[in-house]
Amino acid sequence: MPAAFVRLAPLARSYGGLRQPMALDKQRLLLTVGTNTTGVGFKQFGTISALPVVISKQSATSRASSQQAAAATSFGLSRSIRTTSGVLDGASLPKTVKMSGNAKLLHENLWQADPELMDLVRKEKKRQIQGLEMIASENFTSLSVLQCLSSCLHNKYSEGLPGQRYYGGNEYIDEIELLAQKRALEAYRLNPEEWGCNVQPYSGSPANFAVYTGLIEPHGRIMGLDLPDGGHLTHGFMTATKKISATSIFFESMPYKVDPVTGLIDYDKLEESARIFKPKIIIAGISCYSRCLDYKRFRQIADANGAYMFADMAHISGLVAAGVIPSPFEFADVVSTTTHKSLRGPRAGVIFYRKGVRSVKANGEKVLYDLESKINQAVFPGLQGGPHNHAIAGIATCMLQAQTPEFKDYQVQIIKNARALCDGLLQKGYTISTGGTDVHLVLVDLRPVGITGARAEYVLEEISIACNKNTVPGDKSALNPSGIRLGTPALTTRGLTESDMARVVDFIDRGLQLSKEITAVSGPKLADFKRVLHEDPKLNGKVQALKKEVQDYSEKFPMPGYEEF
């Protein structure tokens, strides 16, 4: 029996995307709404005249004609069929759907069931649209990833690995996880005979802890870049008086440092320290370091000390996938990443591990890697419970995106924008740690201009520019940093290019100059700085005027995802 096609053009708001028809047949309800990267979504789904239709943002109700209703009725579709997802492509539905008891809570949209919360979500969406997002670890993910995250996959428990679950009903969950693994290896051009991966870590920090747990015993020794020098908390950060991260509580850590003058990693001192400390794991990874890492040198130092080389590429994994910076996979034993930073996927983590021959003994005997079971068992049951299947689906689709020419162009533009940002700030007289950037971020040292990182972060936030205060080489305390970290992945996602970076630099410079004016009145205390910013009519007027300029500029650029949330 041929399908009856019902066009609902009045219900789709076009932003350059296609408006596709709904196809109805006796066995299936197919509802597909086309959209482009601006991510125009739909506010509400319901049933009108026996047809599941969409009510647009403007809540303009479209009535199905009597002919359309008759067509639907002839195919046995009941008025009780409803959908809140809007995408049931290929999913078979019974002729009637009935819920026992009071099912109102199950079918109300968020804006109906919890308007207070929805109001906050809309405010956050507005903030993202109106602001310049320059936190280097943040990005705006795609509509397809968001659709995965709000899908039925959220409902399923699936402890264990594909084919080895502790629960039934995982036939399709297994296929999704295997697809995510396959695409993750393909995205980084890895041979499955030589590499495997685990896509279950909830995020980057749990992934890193699973690596340590799987590879070494409690109190085993690790070495990572010190947090004040651009490393990450999970690389073993501690102070002279306190072990801050769980990685320094359960493992023994010794940091390596950057040269305080150049801001570059001192590989010679790293080699010397490793020779004394004898770590079991050497971590090649960063959180705020603007140069590419020398993975070959890390490998040499690890081999000299019988250590695993572990690369944490969370920040740069998108750049690595696109092949625009050197890859750690040639040299590392284990590689971890988040998937929501430059990779632009869901909030999740992935661990890649070596397989096959690790080394050959003098007598010719091959020593094989035994990392697969160690990593997998550390993730579950060692540290986590059931995997987040909706996030794993998001990993699968973002890894597919990472293999496209469009994605490579995006990564190239991230670096172009970062360098334009860096050059613009240098021209304004600011000091950049390491003197430049090879990646997606810039670390600005504000000591020469007499501004603290906390005041800079606060005033920029007040003019709708989001960044974070950050330590710079030579800082004495991570709690009172002297710099700010700026990144370009999120702005690049919205379509900003090098010419736009000049305007962004101007906004940043004017904001930082305002902070100096405010400090001249408030004195050195941050609390007084905040009070004067808000209470001094003249200074607050300048802040509000600049904020409006930034917001007017930012609103010109598109935002992926749903229109309202």
Problem - Within segment 101-172, GluC sites (Glu not before Pro) in DSSP loop having at most 14 other beta-carbon neighbours inside 10 Å - result: 108
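By its C-alpha gyration tensor, with a ≥ b ≥ c as the square roots of the eigenvalues, how is segment 345-413 shaped: rounded for a/c under 1.5, else prolate for a/b larger than b/c, else oblate?
On the way: a/c = 4.18, a/b = 1.47, b/c = 2.85.
Judged from the Cα gyration tensor, segment 345-413 comes out oblate (a/c at least 1.5, b/c at or above a/b).
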Exercise for the section: Please list the non-local residues whose amide H lies under 5 Å from the amide H of residue 259, H modeled 1.01 Å from N, same-chain partners needing a gap of 5 or more. Expected result: 264, 265, 266
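Mean 1/r over all different Cα pairs, inverted: what Kirkwood radius does segment 461-565 give, in Å? The partial results should precede the final answer.
Numbers: mean 1/r = 0.0640 Å⁻¹.
Radius from the Kirkwood sum: 15.6 Å.
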Fill in the blank from the handout: Residue by residue through segment 280-287, the couplings from Karplus 6.51 cos²θ - 1.76 cosθ + 1.60 with θ = phi - 60°, in Hz, x for Gly and Pro, are 8, 9, 10, 9, 9, x, 9, 10
Fill in the blank from the handout: Here FRET efficiency (C-beta to C-beta, residue 540 to residue 296, R₀ 45 Å, nearest 0.05) is 0.25
Exercise for the section: Return the FRET efficiency for the residue pair residue 502, residue 565: r is the Cβ-Cβ distance, R0 is 35 Å, and the value is rounded to the nearest 0.05. Expected result: 0.60
Completion exercise
hull vol. (C-alpha, convex hull) per residue for segment 340-487, Å³ -> 225 Å³
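Only Cα pairs under 8 Å and at least 6 apart count here; give the relative contact order of segment 418-565 as a rounded whole percent. All intermediate terms of the calculation are to be shown ahead of the outcome.
Working: 205 pairs, mean separation 34.3, N = 148.
Taking the mean separation of contacting Cα pairs over the length of segment 418-565, I get 23 percent.
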Exercise for the section: Enumerate the calculated ³J(HN,Hα) couplings along segment 507-524 in order (Karplus 6.51 cos²θ - 1.76 cosθ + 1.60, θ = phi - 60°), each rounded to whole Hz, writing x wherever the residue is Gly or Pro. Expected result: 4, 4, 4, 5, x, 5, 5, 4, 4, 5, 4, 5, 4, 4, 8, 7, x, x
Fill in the blank from the handout: Length gained if residue 479 through residue 186 is fully extended, taking 0.36 nm per residue and subtracting the Cα-Cα distance, is 101.4 nm
Exercise for the section: Give, as ranges by residue number, the residues of segment 502-522 whose backbone N falls under 15 Å from the point 7 Å along Cα→Cβ of residue 428. Expected result: 502-517
Exercise for the section: For residue 114 and residue 275, compute 0.36 nm times the residue count separating them, minus their Cα-Cα distance, and round to one decimal in nm. Expected result: 52.1 nm
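Can you order the peptides 288-298, 369-379 by their average number of other Cβ atoms within 10 Å per residue, highest first?
Values: 288-298: 20.3, 369-379: 18.5.
The densest-packed peptide leads the list: 288-298, 369-379.
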Problem - Gained length - residue 268 relative to residue 406, 0.36 nm times residue gap less alpha-carbon distance - result: 45.7 nm
Completion exercise
Calc'd 3J(HN,Hα), segment 433-442, phi into Karplus 6.51 cos²θ - 1.76 cosθ + 1.60 (θ = phi - 60°), Hz, glycine/Pro = x, comes to 4, 6, x, x, 8, 10, 10, 9, 9, 9
Handout entry: Heavy-atom accessible area ranking, 1.4 Å probe, most first, across 135, 395
Key = 135, 395
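The values are calculated or read from the model by the stated rules, or taken from the named source; none is laboratory data. Because the structure is a prediction, the values reported are computed rather than measured. Please note: Cβ atoms are built from the backbone with ideal geometry, for glycine as well, and neighbour counts cover all protein chains shown. Each accessible area value is taken on the protein alone, full model and side chains, heavy atoms only, with ligands, DNA and RNA left out. Shrake-Rupley method; radii C 1.70, N 1.55, O 1.52, S 1.80 Å.
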